[in-house]
Every structure is written in C-alpha cells, then in structure tokens.
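Structure first, commentary second.
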Amino acid sequence: MRFPAILFLSLMYFPTAIAENIENLQQRASFAYEQMVKAKYEAELSEKDNAEIADKVRRIKQQLLKVEQEAEITRKKLEQANLIKERAINEWNRASEVLARKWEESKMQY
C-alpha cells in the first residue's frame, strides 16, 4: 500500500513541479525579452547619436577646409602686399636720394 501512495503522491507533485518549472522559464524568457528590447532601444539611440556626431565631424572638417583655404588666400595677399610695400620703400629711397643729390647740387651752384 505504500508504493501506490508514493506513486500517487509523486504523480500529483510531478505536474506541479513541471508547472513551476515552466512558469520559471516563462519569467526568465520574459525578463530576457525585456532586456533585449531595452538593449535594442539603447543601440538605436547610440546609432542615432553616432550618425549625428559623424555629420557634425563632416561639417567641421568642411569648415576647417574652407578656413584653411581662406588662410592661404590671405597669406598670398600678405606676401603680395609686402612685395608692393618693399618696392614702394625702395622707390621712395631712390627718389629721396635723387632729391637729396639734386638739392646738394643746387646749393653748390649758388
């Protein structure tokens, strides 16, 4: 009589154990799904942030290139202005020397 009672109790416990195990698996699967959805959302946000930063980097590089080109143009203008200035100084020095010589010559004649 003990064996049938043990068998009966075992059979009664077995479905309960299976049900508890299935419920536990469902909870774990549900938690894993929530974690997956959260990770997917975070990845999408990171992808969006990365795209925005990449676009910002591209724009800044374009601006830098433009400024570098402007700096090169300005440098060339400065070189040209310095050449013109040197020529003007040299011409002024020559003209001043000629004037001084003529002035001295005119003083000697009188």
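Structural remarks
- Any chance SER10 is modelled with pLDDT under 95, assigned to a helix (DSSP H, G or I) and surrounded by 10 or more Cβ atoms within 10 Å (Cβ to Cβ): yes
- Neighbours by Cβ (under 7 Å, 6+ apart or cross-chain): first from the stretch 34-56, touching a residue at least 12 places away in the same chain (Cβ under 8 Å); second aromatic (Phe, Trp, Tyr) and exposed (fewer than 10 other Cβ atoms within 10 Å of the Cβ): none
- Residue match in the stretch 48-66 (condition: at pLDDT below 95, in a helix (DSSP H, G or I), among the small types (Gly, Ala, Ser) and surrounded by 10 or more Cβ atoms within 10 Å (Cβ to Cβ)): no
- Here GLU20 does not qualify as of a type in the set (Asp, Glu), part of a helix (DSSP H, G or I) and modelled with pLDDT of 95 or more.
The values are calculated or read from the model by the stated rules, or taken from the named source; none is laboratory data. Note that the structure is predicted; figures quoted are calculated from it, not measured. Glycine gets a Cβ as well: all are built from the backbone with ideal geometry, and neighbour counts include every protein chain shown.
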